[in-house]
Each structure stands twice: as structure tokens, then as C-alpha cells.
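S.K.: A single structure is presented below for examination.
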Amino acid sequence: MDNLNENAFDFLKEISKGSTYNLLFPDPRAGIAVVWLYQRVENGSFSDKTFTENDVHQALYFAAKINGSNAERNTWEFNNRLIADLQEYFLYYDEARQVYKLKEYANEFCRRASNILKASFDPTVIEKICLALREKLEECIAREKLEDWFGIHFRTFQPQLRQQIDFLDRQIDHSVAEMRQNLSIRDKNITLMLKQIDDRFDLIRKQNNELRAGFSEMDQIRRKLESFSIENEDNKLGNLIYEAITFFQEMKQTLSLVDSRLDRVQPKVKQLFSNLNKPLFNTRVERFIGYLIGQSKVIASKRSMKSFIEFPSGVTTLKIYQDRMDLCIFERKKDLFPIKATKRFVAEEDEKARAVVFDTFSKKLQQQDLISNWIDRIMNDLVPSGKLKFSNYFFLCIGKDDNLDIGLGINLAYRCLKVFGQHHSYRLLITDELVVGKETNISLWEMIIEKK
């Protein structure tokens with residue numbers, strides 16, 4: 001029932017009502033004013049964490065200077081309208097004392113932005129958090145403790161890991177933006193700048209690998225959660241476990257995306273760095289050859305009647321020709337101590353076991369073919385109608401009581417979730433309507449499949 005209540009809340013519909021979005025996410029001037037007040041509350045400028053209306057106006061005037069607002073937006077009446085809007089989610093007003101105070105949403109609004117901007121990479125923190133998570137998970141025996149682990153410890157860990165990965169991704173964006181900006185500036189040492197950016201990419205890749213190493217603890221957590229899911233048949237607990245395992249998979253995929261971005265960007269930087277260095281390298285080679293030709297001497301030897309080149313001081317003479325050495329080769333007989341041949345072991349094939357394995361594999365292949373046929377049928381039916389109910393196909397698929405194949409129906413439902421739930425051309429909606437089969441004692445939540 002908890003999942004039904006969550007699904008009943010339409011977040012997009014609620015935030016689209018009236019001016020709700022603008023009240024939750026105010027314009028830059030009002031937002032910076034809230035940050036101005038938050039920072040002074042945190043550093044103790046307001047002793048009891050309350051402030052007057054004049055303080056709020058001062059914050060708005062400070063934000064106006066930063067944004068370069070015009071005179072009409074700097075009036076007292078205009079600021080009063082902004083303050084009235086901020087009282088919805090950001091400010092408390094104490095009429096008795098005539099002072100304001102930040103609401104918890106305002107604190108979280110500023111705190112989250114501050115944590116993102118000052119985030120630094122520290123894979124050891126993630127590894128320590130993962131270790132503590134695993135140890136607390138191993139202590140969970142009762143179902144209530146396991147739910148507390150999800151609600152308290154795991155929920156706190158998720159944003160911390162996301163911040164670390166987002167930090168790496170932002171470093172790539174900043175490096176690319178800096179490279180584009182510096183390439184357009186004249187009188188700039190481009191090669192030095194590219195070398196620094198390339199070194200930064202190497203550091204990002206190293207940090208990415210270090211963060212991936214921290215996933216060893218997550219793999220142990222995932223295996224522990226899978227064992228819990230086998231031992232417990234509680235739907236709510238199963239959903240929490242599925243959500244955690246999906247989160248770990250999502251983070252690994254995100255790290256892979258960071259890797260792929262580096263694979264696309266870094267070779268281009270190296271190539272550009274090489275192209276810019278090539279003319280300089282050619283110039284230095286030409287100067288070096290010219291120096292050798294101008295400063296070297298040809299000296300004739302009276303004894304050998306041959307001439308040789310004497311390079312200038314500081315340049316080592318290369319020895320091109322070298323006398324070959326005659327080496328004695330001792331032949332080693334390979335059959336001096338022959339190894340006795342052993343009879344090759346030939347395993348006897350068990351026909352019965354082979355038949356059982358092939359029969360099981362054949363049934364799985366047949367089931368996959370049936371599921372693929374049902375998916376094709378659903379896709380074809382979506383072309384004219386554009387919308388259909390999954391339950392109609394589910395009960396046709398599983399058959400009747402005398403020849404019931406519930407496994408086929410479950411696998412078909414799972415395949416539909418993957419195909420239609422993740423494809424950008426389709427939309428999958430799970431409703432709270434419980435559909436019961438007419439010829440079976442089986443029920444399922446209705447799924448609506450739509451073609452976008």
C-alpha cells in the first residue's frame with residue numbers, strides 16, 4: 001500500500017500548479033538574498049538566528065547590485081512583494097517580535113548548494129562509508145532493523161556518492177571550457193595550457209579508478225541484500241532491496257560514462273598538443289642539424305687512409321659499426337632424459353545427464369521465443385490503437401487451469417518492463433487497478449502501455 005500512496009502523488013502536477021515552482025525556486029535576486037541571510041546566520045551575525053525586515057531588504061539590495069537590476073526592481077514595494085513570496089517556503093515571520101527566521105527548506109536549499117560547490121574528491125571517504133554500511137547491514141537480523149538501515153544509513157550515503165561522481169564530471173566540463181577559452185586568447189602559451197589540461201584529465205581518470213575500487217564494498221553489500229531478498233518475501237522489503245541494487249548499478253554506469261567522456265576528449269587534447277608542438281620540434285631539429293654541419297670537422301687518418309667526422313664538443317659520437325663477436329654454441333640434446341608417455345584420459349559421456357541438460361536448455365529457448373512473439377504481438381497491436389492493457393495479453397499467455405504456465409507470464413511481464421519501460425518511444429504506467437483472471441485464480445496490477 002505504501003507504493004500505491006507514493007504513486008498517487010503526482011509530483012509534476014503539483015509543482016506545475018499556479019506559481020508553486022517560482023515559490024520553490026525563486027529568481028536569482030531572491031535566491032542570492034536567502035544565501036546572504038543564511039551565511040550570516042551560520043557565522044553568528046544574528047545571535048538568535050532571527051533578523052529584522054531591514055536585514056531582508058539589505059540582502060535584496062545586495063543581490064540587486066550583483067544582478068544589475070534596474071531602478072524599478074529596487075523599490076521598497078517591489079522588495080515587499082519578494083518578501084511576501086519568500087514567506088511561503090523560505091521565511092518565518094514572528095508577528096509578536098516582528099522578526100524573521102529561515103525555514104528548514106531555506107536551510108536545506110543553501111546547504112545543498114554549498115556542499116555541491118565546495119565538494120572535493122576523496123575516495124577514502126566513500127570507502128569508509130561503504131565499510132560502515134556493510135558492517136551495519138551485517139548486524140541487521142530483524143526486519144525492523146533492516147528497514148532502519150535503508151531509511152537512515154543508506155539514504156544518507158546515496159547523495160554523498162553522487163556528489164563524488166558529479167565532481168569528476170564537472171572537472172571534465174571545467175577543463176574543456178578552460179581549454180576553449182584559452183585557445184581564443186592571443187599571446188598565450190597554448191602548449192603549456194594543453195599540457196596542464198592533459199595532466200588534469202590523467203588525474204580525473206586516476207580518481208575515477210580509485211572511486212571504482214571503493215565499489216568492492218558495494219558488491220559485498222549487494223550480495224548480502226540479495227540473500228535477504230531470498231530469505232524474505234515481504235513486498236516492501238523487496239522493493240527497498242531492488243532500489244538499492246539498482247542504485248549501485250546506476251552508479252557504476254555513471255562512472256563508465258565519465259570514462260567514455262575522457263576517452264572522447266583526452267585523445268583530441270593530446271592530438272592538438274602534438275600538432276602545436278610539431279612545428280617547434282621541426283625547427284629545433286633543423287637548428288641542430290645546421291649546428292652539426294657548421295661546427296663538425298672532417299679529419300683524415302694517415303694510418304688507415306680513411307676520414308672520419310669529429311663532432312663539436314658536447315655531442316657524443318655514435319658508434320655505427322661494431323665488430324661481431326664469435327660465440328660458442330653448445331647443443332643440448334632434448335631426448336637425454338625422455339619423459340614417459342602417459343595414457344590420455346578420456347571422459348565418458350553420460351547420455352541421460354546430457355539429455356536432461358539439453359532438454360532444460362531447449363525449454364528455456366522455446367520460452368524465450370514465445371516471449372519474443374508476444375512482445376512482437378503487443379508492438380503490432382500498439383500501431384493502430386496507440387494504447388493497450390497488459391493484463392489481456394498476460395492471461396492469454398499463461399493459459400487455463402489445466403495447462404497453466406505462470407512462469408511464462410512472469411517472464412513476459414519482466415520483459416515488458418525492460419522493453420517498454422526503458423524505451424524512449426513508449427510509456428509504461430502501473431495503475432492501482434487489480435485485475436483478476438476469469439479462468440484462473442491469479443491477479444495482477446494493471447499496466448497500461450502507450451506509444452509516444
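The values are calculated or read from the model by the stated rules, or taken from the named source; none is laboratory data. Just so it is clear, the structure is predicted and the values come from calculations on it, not from any experiment. Heads up, the Cβs are rebuilt from the backbone with ideal geometry, glycines too, and the neighbour counts pull from every protein chain shown. Heads up: the accessible areas ignore ligands, DNA and RNA and are worked out on the full protein's heavy atoms, side chains in. Shrake-Rupley method; radii C 1.70, N 1.55, O 1.52, S 1.80 Å.
S.K.: Can you confirm whether the range 241-261 contains a residue that is within 21 Å of Ala132 (Cβ to Cβ), modelled with pLDDT of 75 or more and in contact with a Ser or Thr (Cβ under 9 Å, 6 or more places away or on another chain)?
M.R.: yes
S.K.: Go through the range 55-73 residue by residue and tally those that are modelled with pLDDT under 85, more than 39 Å from the chain's Cα centre (by Cα) and farther than 14 Å from Asp27 by Cα.
M.R.: 3
S.K.: Of all residues in the range 414-426, which are open to solvent by 90 Å² or more (accessible area, probe 1.4 Å) and at pLDDT below 85?
M.R.: Across the range 414-426, the qualifying residues are Lys418, Gln422, His424.
S.K.: Filter the range 388-408 down to the residues that are more than 20 Å from Leu434 (Cβ to Cβ) and among the charged types (D, E, K, R), then identify the one that is least open to solvent (accessible area, probe 1.4 Å).
M.R.: Residue satisfying both the conditions and the ranking: Asp405.
S.K.: Can you pull out every residue in the range 223-265 that is without any contact (Cβ under 8 Å) to a residue 40 or more places away in the chain, among the polar types (S, T, N, Q) and within 21 Å of Gln163 (Cβ to Cβ)?
M.R.: Thr246, Gln249, Gln253, Ser256, Ser260
Results for (1) loosely packed, with under 10 Cβ neighbours inside 10 Å; (2) at pLDDT below 75; (3) not in a loop (DSSP other than H, G, I, E, B); (4) not hydrophobic (A, V, I, L, M, F, W, C), shown as yes or no for each residue.
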position	(1), (2), (3), (4)
Met305	yes, yes, no, no
Phe308	no, yes, yes, no
Ser313	yes, no, no, yes
Tyr321	yes, yes, no, yes
Phe330	yes, yes, no, no
Lys333	yes, yes, no, yes
Glu348	yes, no, no, yes
Ala353	yes, no, yes, no
Val356	no, no, yes, no
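S.K.: Let me ask you something else. Only one of Asn380, Asn411, Asn441 is surrounded by fewer than 12 Cβ atoms within 10 Å (Cβ to Cβ) and modelled with pLDDT of 80 or more; which?
M.R.: Exactly one of Asn380, Asn411, Asn441 is surrounded by fewer than 12 Cβ atoms within 10 Å (Cβ to Cβ) and modelled with pLDDT of 80 or more, namely Asn380.
S.K.: Quick check: anything in the range 29-40 loosely packed, with under 10 Cβ neighbours inside 10 Å, at pLDDT 85 or above and of a type in the set (A, V, I, L, M)?
M.R.: no
S.K.: Closer than 21 Å to Asp94 by Cα and of a type in the set (Asp, Glu) - does that describe any residue in the range 26-47?
M.R.: yes
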